[in-house]
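Accompanying notes for the structure given below.
The values are calculated or read from the model by the stated rules, or taken from the named source; none is laboratory data. Because the structure is predicted, anything quoted here is derived from the model rather than measured. Note that each Cβ is placed from the backbone with ideal geometry, even for glycine, and that neighbours are counted across all protein chains shown.
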Amino acid sequence: MRDTKGRVDSTRERSAAREPDESLIIDDRSDLTPAQAVEGRLMNLLRGASLPVSHLQLRGLVRARYEA
């Protein structure tokens, strides 16, 4: 790399060569389908909320699906 005066800026070249452009991150959600991810997020959001009985029954069915 050259600066505005045409000189080589070796510091930038060295730091650019050492740092990768991309890095991989392990994601715990990789084994979930999109529907399971949405259901899990919804269950976390509804954990402390009061719900009608019909919704509580549905919540139990969803939870049973994860435990099976």
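Kindly indicate whether Glu13 is among the acidic types (Asp, Glu), surrounded by 10 or more Cβ atoms within 10 Å (Cβ to Cβ) and modelled with pLDDT of 75 or more. Reasoning before the result, please.
Values: among the acidic types (Asp, Glu): yes; surrounded by 10 or more Cβ atoms within 10 Å (Cβ to Cβ): yes; modelled with pLDDT of 75 or more: no.
For Glu13, the condition - among the acidic types (Asp, Glu), surrounded by 10 or more Cβ atoms within 10 Å (Cβ to Cβ) and modelled with pLDDT of 75 or more - is not met.
When residues in the stretch 18-68 are screened for being modelled with pLDDT of 80 or more, surrounded by 10 or more Cβ atoms within 10 Å (Cβ to Cβ) and polar (S, T, N, Q), 1 of them pass.
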